[in-house]
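Each remark here refers to the structure printed beneath this line.
The numbers here are math on the coordinates, done by the rules we state, and not lab data. Quick caveat, the model's predicted, so the values are computed rather than measured. Every residue, glycine as well, gets a Cβ built from its backbone with ideal geometry; the counts of neighbours run over all protein chains shown.
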Amino acid sequence: MGHYFDEVPISESNIREISFTLYDVKYTYYTDNGVFSKSRIDEGSYIFLKVLLPLHLNGRILDLGCGYGPIGLTIAQNSKEARVDLADINSRALALASKSSERLNLNSRVTFLHSDIFEKIEGPYDSIVVNPPIRAGKVVTYRMYEESKQYLIDGGSLYVVIRKKQGAESAFKYIETVFGNVSLLHKEKGYWIIKATK
């Protein structure tokens with residue numbers, strides 16, 4: 001049995017499409033076996049996007065642990081000023097995100113990075129967005145939070161979505177120790193949207 005954070009998924013490929021509507025706009029992306037939330041956009045990402053899109057993030061943005069790309073690609077479609085890097089260790093997820101990006105004509109503003117956390121990342125970024133791979137464990141997710149700081153410009157921000165029952169309170173406190181500041185932008189259905197600024 002494989003995991004969505006495996007570098008090369010072992011499950012048989014079965015590419016299909018999923019769609020969701022947010023702020024009266026329909027978004028459609030490719031998905032497959034062996035990626036996170038393969039059948040529909042996960043609730044955390046959906047709530048995350050509800051908060052992120054009205055912020056009109058621009059400049060250089062990193063979607064760290066992007067999966068098949070619903071967060072990074074949706075941001076790219078909504079901000080013509082944004083240059084979005086989507087990074088993931090899962091090669092199948094990245095290929096799906098790239099396939100969706102090509103269909104959406106986003107490739108001039110979107111880049112895909114096959115990276116184990118920050119291994120292949122070159123900053124700095126104006127914003128980093130993370131829906132952390134909770135099942136990969138705290139060592140992995142806390143590295144994502146901690147190392148984000150050095151890849152942000154001064155004044156740049158880290159945005160994280162995490163469920164309360166999956167450790168939102170402890171993650172909030174940890175991020176505060178790293179950045180010296182942290183704010184809770186939104187709470188909905190047990191999910192916390194956290195922001196910290198360098």
Among the trypsin sites (Lys or Arg not before Pro) within region 9-99, which fall in a DSSP loop and have no more than 13 other Cβ atoms within 10 Å of their own Cβ?
Arg40, Lys80
In this model, which of Lys120/Lys189; Lys26/Lys198; Lys38/Lys198; Lys38/Lys165; Lys26/Lys189 are farther than 30 Å apart at the alpha-carbon?
Lys120/Lys189; Lys26/Lys198; Lys38/Lys198
Considering only Leu53, Tyr191, Val178, whose Cα is most displaced toward the positive end of the charge dipole of region 16-197, charges sitting on Cβ of Lys, Arg (+1) and Asp, Glu (-1)?
Tyr191
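Looking at the chain, what % of the alpha carbon pairs are farther apart than 20 Å? Numbers along the way, then the final one.
Numbers: 10055 of 19503 pairs.
Everything past 20 Å amounts to 52 percent.
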Return the distance in nm (one decimal) between the two label points of a simple spin-label model at Glu169 and Thr21, each offset 7 Å from Cα along Cα→Cβ.
3.8
Expressed in nm to one decimal, what extension gain is obtained for the pair Asn107 and Lys187 from 0.36 nm per residue of sequence separation less their Cα-Cα distance?
25.5 nm
Full-extension gain in nm, Thr177 to Glu12, via 0.36 nm per residue minus C-alpha separation:
55.2 nm
If you build the Cα gyration tensor of region 81-198 and take the root of 5 times each eigenvalue, what three semi-axes come out, in whole angstrom, biggest first?
24, 16, 14
